[in-house]
Amino acid sequence: MSLRYLISKRNALRFLRLATGSFLFDWKEVAAMFGIKHDVYENPLHRPLEKPVTAIILGAGNRGNVYGGYSILHPDELQIVGVAEPNALRNERFSSMHNIEESKRFTSWEKVFEVDKFADAVIISTPDNLHTEPCLRALELGYDILLEKPIAPTEEECRAILAKAHETNNIVGVCHVLRYAPYFRQIKELLNANAIGKVISVQHMEPIEHIHMSHSYVRGNWHNSKKTAPIILAKSCHDTDIIRWLIDQQTEQIQCFGNLSWFNSKNAPEGSTHRCTDGCKIEHECPYSALQIYHRDKKRLYVFDLPEDKDEWEDAILQQLKTTDYGRCVYRMDNDQPDHLTINMRFKQNITAAFSMEAFTSYEGRRTRIMGSMGDLVGDMETFAMTNFQTGKKTMWSLKTDSHGGGDHRLMKDWVQAVGHQDPSMLSSGLDVSVESHLMAFAAERSRLNNTIEPVTLMKKELAMV
Ligand SMILES: NC(=O)c1ccc[n+]([C@@H]2O[C@H](COP(=O)([O-])OP(=O)(O)OC[C@H]3O[C@@H](n4cnc5c(N)ncnc54)[C@H](O)[C@@H]3O)[C@@H](O)[C@H]2O)c1
């Protein structure tokens, strides 16, 4: 994974001019027209830090390395001073990268809390089922926290974390990274400035992309909802969160349909075998062939902990395909996550939203359509077009990024600022608002399983916070 922070202020502002009928319109003029003074690439609240924030990473896997990567690029803002990671190779690689002293390298999260507090904060990037206990313990010991989503796999645990955070008053940032992506920030600024009038409804889609689906939710870490979290939480809490944030009204009712249609034994092709390496007769024509994805195309290899020497990769990958879930047939896994689902939502003021999560797409990148009384917005995570009904003018905004629309490291910057200045208002995705969008996901899952329309209920105390 590239550690390069791809968006610089210099390359970020790429204004496109687009002809629609006889109209040409410039983005800067639009921003000025709606009184948007600062651009979305700078948080005006940021101030210089007196000293770098210090943090301990719990779970040095994929996400732990993304957040750790921020400190490599910005050592004056963040220093990683401890790690808990049971995988010896990951622990060693991460510790060397961050020069973590021997006594601060731990094999599991519990051990971190057996010694005196030695950092400002912890970053919790352990698997979904290992968020609650470390988070509660860290709060008790006075650490500020960056917590990977989902906050926790059950509603009760989310509420317990919220209650504890209110009690201790520590900063808890939740990794709803899309809120920090310039694409969504720009849309949010426009909605706040009334650029399309009153928001009437939203249509939002998460195209997972078929190989990504097979990798993460059929073969990978999140294939079994009971061992991790339902996909509506594990994948789409980002979407319930972004919809809630853009609409800026409380959700009242939710209804969800969806199921696992394709990745099951009924659809196993004739001649297929338990593993792609077992002499499967259709391996060469199967879009989900593990040999094709991992061995021949060398994609998504970050899960394999491969040796430094690339000459050893061929054998190492083959070996893993013969022994881990990543080599198993997608039609013969013990997976249970739906591969398509739709959610209908009603918010206060009768604003409606429709969301769909789709595995079977050739593309990724969330699709957004926002319908307002005076205009609309249509976007695909890189580009959006805003049309004004009064003038007919259309404005295009465009930015190419990676890593969650450029949100990963922007979240880090805001979180580091929040902890460094002890000012939670610097964070867009604090715990209170994040719990609400999780409750939306839990309600959607109840609706899907019970065929009901579910209310989204916040407790009185929680209600005051959102
Ligand atoms: N914000 C996002 O967009 C986003 C994207 C992907 C994943 N996630 C979430 O981030 C979290 C981590 O996901 P990941 O993709 O990095 O997974 P991962 O498997 O790559 O990393 C998790 C790490 O935690 C380690 N671990 C396991 N038990 C531990 C213990 N007892 N103590 C300390 N570490 C332990 C594992 O060995 C592993 O290295 C998950 O909750 C996941 O849902 C969030």
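What number of residues in region 50-66 are more than 8 Å from the ligand (Cβ to nearest atom) and part of a loop (DSSP other than H, G, I, E, B)?
Matching residues across region 50-66 total 3.
How about region 270-290: which of its residues are over 33 Å from the mean Cα position of the chain (by Cα) and either of a type in the set (Gly, Ala, Ser) or under 19 Å from residue 213 (Cα atoms) (or both)?
Hits for region 270-290 are 271, 272, 279.
Say we look at region 114-131 and pick out the residues that are over 23 Å from residue 229 (Cβ atoms) and touching a strand residue (DSSP E or B) at 6+ places or on another chain (Cβ under 9 Å); which of these is farthest from the ligand (Cβ to nearest atom)?
Among residues in region 114-131 that are over 23 Å from residue 229 (Cβ atoms) and touching a strand residue (DSSP E or B) at 6+ places or on another chain (Cβ under 9 Å), the one farthest from the ligand (Cβ to nearest atom) is 120.
Regarding region 236-249, can at least one residue be identified that is under 30 Å from residue 274 (Cβ atoms) and modelled with pLDDT of 95 or more?
Within region 236-249, none of the residues are under 30 Å from residue 274 (Cβ atoms) and modelled with pLDDT of 95 or more.
Say whether the condition of being touching a residue at least 12 places away in the same chain (Cβ under 8 Å), among the charged types (D, E, K, R) and surrounded by fewer than 18 Cβ atoms within 10 Å (Cβ to Cβ) is met by at least one residue in region 312-319.
Checked against the condition, which is being touching a residue at least 12 places away in the same chain (Cβ under 8 Å), among the charged types (D, E, K, R) and surrounded by fewer than 18 Cβ atoms within 10 Å (Cβ to Cβ), region 312-319 yields at least one hit.
Based on this model, can you work out whether residue 261 counts as within 13 Å of the ligand (Cβ to nearest atom), under 22 Å from residue 363 (Cβ atoms) and at pLDDT 95 or above?
When the stated conditions are applied, residue 261 does not pass them.
Are any residues in region 303-339 assigned to a loop (DSSP other than H, G, I, E, B) and within 24 Å of residue 264 (Cα to Cα), and if so, which ones?
324, 329, 330, 331, 332, 333, 334, 335, 336, 337, 338, 339
The values are calculated or read from the model by the stated rules, or taken from the named source; none is laboratory data. The shown structure was predicted, so the numbers you read here are calculated from the model rather than taken from an experiment. Note that each Cβ is placed from the backbone with ideal geometry, even for glycine, and that neighbours are counted across all protein chains shown.
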